[in-house]
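To start, the structure itself, in structure tokens.
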Amino acid sequence: MAEIYIRNGFLLTMKGEGLGTIEEGAVAIDGSEIVAVGKTAELDKSYMNSKKVIEAKGKAVLPGFVDVHIHTSGTITRGQGQDVPEIEWMLKAMAPFGKYTKPEHSIAGSRLGVLEGLKSGVTTFGEIGGNTIPVTENVFIPSGVRATIANTINEIGPGSRPDANKPYIYYPDVGEKKLKDAIELYEKMDKKGDGRINVIFAPHGADFMSKETLFKVKEEAKKRGKLAHMHVAQGGREAIQIKLRYGTTTIKWLDSIGYLDENLIAAHCHHSTDEEVEILAKRGVRYASCPASIGIIDGIVPPLALFIQKGGKYAGLGSDQAAGSTGHNMLIQLKAAALLNKTRHADPSILPTWKTLRIATIEGAQTIGLGDQVGSIEIGKKADVILIDLKYPHLTPIVSKPVRNVAPNLVYYARGDEVETVICNGKIIVDDHKCLTMAEEEVMENAQKAAEEVCYAAVDDYMAADSLLAKAVKKGLL
Ligand SMILES: [Zn+2]
């Protein structure tokens with residue numbers, strides 16, 4: 001007997017090197033953990049009298065998805081920052097919203113981002129942001145999801161960036177305050193929510209702070225046995241800054257100062273040469289790749305497949321931000337990752353479906369340091385399990401020979417709304433496609449209200465910044 005018993009499903013456990021498929025498979029969950037995995041005929045003998053029995057015939061049963069790099073609070077600016085040159089994205093399309101965004105707006109945005117991810121099967125969020133204590137208290141803990149959370153640390157103040165072609169002006173007091181906030185987040189929130197919250201540290205990027213502060217942050221993380229999660233080589237803006245300041249590229253500079261190692265999760269890394277990707281792989285850096293977001297805001301395919309080819313140990317997929325992306329739905333992210341990387345390499349055999357699904361689950365969990373807890377369906381692991389209904393025209397037919405096509409159908413055809421049940425830490429938090437921990441209508445209404453407040457307040461600043469998107473608006477093109 002267990003608390004939850006899932007039977008007769010098509011299990012993709014991620015155990016071993018491939019998908020770890022078990023047809024007519026079953027999983028038993030007790031407390032927060034998986035206590036049995038195997039064939040239904042076998043497990044039925046011990047678990048048919050469990051408190052809740054879930055019939056999973058015609059359903060795929062997977063570990064919950066891991067979104068390794070996400071900024072949920074930005075979800076209220078969805079659609080406000082795309083189709084602009086990369087150099088304009090942050091300074092002309094995103095910056096105008098910053099000064100009107102209040103803590104309650106980031107909470108509303110974060111709740112929407114988590115709801116979106118959760119409903120499409122994400123159980124672990126690699127959140128980076130500001131205002132993280134209230135967001136953790138009001139969103140991540142009550143929604144029942146798992147998260148690695150980091151408060152962004154930089155030395156950027158209001159007057160830091162008068163000219164993108166001159167070195168940013170750093171404010172050490174800003175850096176100190178943000179590091180203090182990050183430590184406070186760790187002290188107050190680490191291991192909260194029945195252990196679902198894992199606080200790590202986020203130096204914003206090599207262009208946003210001094211070398212001394214970069215090291216200080218990594219030291220504070222290491223002292224607490226935590227990883228550092230940083231944006232690395234994230235585009236032209238950063239490349240200009242690093243060249244101005246250090247006369248080289250981000251990855252080469254970080255390598256020269258000994259910053260690249262297995263304690264670093266490096267996000268993006270798309271402004272890089274093949275040789276630099278090899279350096280990242282060799283140093284054991286963990287790679288958070290966000291192909292859809294970077295494709296849209298930079299017009300570049302990040303080197304996910306290349307990193308793997310070069311021997312990179314851990315790589316995961318992130319949805320990043322919503323203002324110029326495809327959103328926080330991992331089944332959409334899977335398609336973007338596969339399509340873009342196949343195209344980048346002009347090689348359709350790159351990122352086969354079994355690998356893409358592993359990257360979105362077990363390898364993503366390993367990337368953010370949770371590989372021993374989640375990412376696969378195995379005895380002793382935390383029970384983060386999702387059920388995906390396969391009875392849709394676009395997922396039909398399902399056959400088991402010669403190729404078991406469940407994985408290809410999920411990676412290339414699923415939309416995300418087929419996710420029927422989400423279990424996190426042994427608790428059912430989405431049941432029959434409905435979220436049990438958040439009032440969905442209310443979440444959307446609040447996010448709508450927050451977006452109207454922020455976007456409408458920022459209109460004059462946004463139009464004055466005159467990005468290519470603002471120009472299109474002025475011309476009445478959208
Ligand atoms: Zn990011």
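By counting other Cβ atoms within 10 Å of each Cβ, how are Val53, Val145 ranked from fewest to most?
Going from sparsest to densest Cβ surroundings: Val53, Val145.
I need the calculated FRET efficiency for the pair Asp274 and Lys188, taking r as the beta carbon distance and R₀ as 45 Å, to the nearest 0.05.
0.60
Fewest to most neighbouring Cβ within 10 Å: what's the order for Ser210, Ser376, Ser32?
In increasing order of surrounding Cβ atoms, one gets Ser210, Ser32, Ser376.
Can you give the FRET efficiency for Glu452 and Asp431, using 1/(1 + (r/R0)^6), R0 = 35 Å, r = Cβ-Cβ distance, to the nearest 0.05?
My answer for the efficiency is 0.65.
Taking a ≥ b ≥ c as the square roots of the eigenvalues of the Cα gyration tensor of the stretch 68-117, is the shape rounded (a/c under 1.5), prolate (a/b larger than b/c) or oblate?
It comes out oblate by the Cα gyration axes.
So how much slack lies between His394 and Asp173, counting 0.36 nm per residue of separation and subtracting their Cα-Cα distance, in nm?
Answer, rounded to one decimal: 74.1 nm.
Taking 1 over the mean of 1/r across every pair of different Cα atoms in the stretch 325-478, what Kirkwood radius in Å do you get?
About 19.0 Å, per the Kirkwood formula over Cα pairs.
So for the chain: antiparallel DSSP bridges make up what percent, rounded to the nearest 5?
Roughly 45 percent of the beta bridges in the chain run antiparallel, per DSSP.
Let's test the formula: R0 of 22 Å, r as the Cβ-Cβ distance of Lys474 and Leu91. What FRET efficiency results, to the nearest 0.05?
E(calc), rounded to 0.05, equals 0.75.
As an exercise, take the mean of 1/r over every pair of distinct alpha carbons in the stretch 225-325, invert it, and state the Kirkwood radius in angstroms.
13.5
Going by Cα centres, the stretch 95-173 and the stretch 260-299 are how many Å apart?
21
Full extension from Glu219 to Asp466: what is 0.36 nm times the residue separation minus their Cα-Cα distance, to one decimal in nm?
84.9 nm
Okay, which of the stretch 38-67 sit inside 12 Å, backbone N to the point 7 Å along the Cα-Cβ direction of Glu24?
39-44
Just add up the charged neighbours of Gln448: K/R +1, D/E -1, any other residue whose Cβ is under 13 Å from the Cβ of Gln448.
Taking every other residue near Gln448 into account, the sum is -3.
Ranking Glu378, Glu219 by Cβ neighbours within 10 Å, fewest first, what do you get?
By the 10 Å Cβ count, ascending, the order reads Glu219, Glu378.
Tell me the relative contact order for the chain as a rounded percent, counting alpha carbon contacts under 8 Å between residues six or more apart.
About 21 percent, as a whole number.
If eta is 1.002 mPa s and T is 20 °C, what Stokes-Einstein diffusion coefficient results for the stretch 65-367, Kirkwood Rh from Cα pairs, in µm²/s?
Reported coefficient: 113 µm²/s.
Only the coordinates and a few stated rules stand behind these numbers; no lab work does. Everything quoted here is computed from the prediction, not taken from an experiment. Neighbour counts run over all protein chains shown; Cβ positions are idealised from the backbone, glycine included.
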